[in-house]
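See structure below.
The values are calculated or read from the model by the stated rules, or taken from the named source; none is laboratory data. Please read all numbers here as calculations on a predicted model, not as lab measurements. Cβ atoms come from the backbone with ideal geometry, glycine included; neighbour counts cover every protein chain shown.
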Amino acid sequence: MVVCDRASRRGLEMKAIVQHRYGGADALSLEEVARPVVGDRDLLVDVVAAGVDRGALHFMTGRPYSSA
């Protein structure tokens, strides 16, 4: 999951919410990451807001099925 920071729009890096391991909200962290290189057939989307509902928790934790 990557969330772009508008303030660093022109730079080579951007802030992103990243997940390196399975887990709950504590597995997410805000980091500086390299800005993706956009090719001729690519599209870079600037995400202004995003949300995670309870149903997506099983994807974050690595469970194949929802426990809800």
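Figure legend. Inter-residue proximity from segment 20-39: first residues free of Cβ contacts under 8 Å to residues at least 12 places away in the same chain and basic (Lys, Arg), second residues surrounded by 11 or more Cβ atoms within 10 Å (Cβ to Cβ) and not in a strand (DSSP E or B), beta-carbon distance below 6 Å, spacing 6+ or different chains. Indicated pairs: ARG21/ALA27.
Looking only at segment 33-43, count how many residues are surrounded by 10 or more Cβ atoms within 10 Å (Cβ to Cβ) and more than 30 Å from ARG63 (Cβ to Cβ). Working first, answer last.
First, pick out the residues of segment 33-43 that are surrounded by 10 or more Cβ atoms within 10 Å (Cβ to Cβ): 33, 35-36.
Applying the additional criterion that residues be more than 30 Å from ARG63 (Cβ to Cβ) yields 35.
Of the residues in segment 33-43, 1 are surrounded by 10 or more Cβ atoms within 10 Å (Cβ to Cβ) and more than 30 Å from ARG63 (Cβ to Cβ).
Please indicate, with yes or no, whether at least one residue in segment 21-29 is surrounded by 13 or more Cβ atoms within 10 Å (Cβ to Cβ) and assigned to a strand (DSSP E or B). Yes; the residues of segment 21-29 include at least one that is surrounded by 13 or more Cβ atoms within 10 Å (Cβ to Cβ) and assigned to a strand (DSSP E or B).
The residues listed here are ALA56, ALA68, ALA50; of these, the one that is in contact with a strand residue (DSSP E or B) (Cβ under 9 Å, 6 or more places away or on another chain) and either at pLDDT below 85 or in a loop (DSSP other than H, G, I, E, B) (or both) is ALA50.
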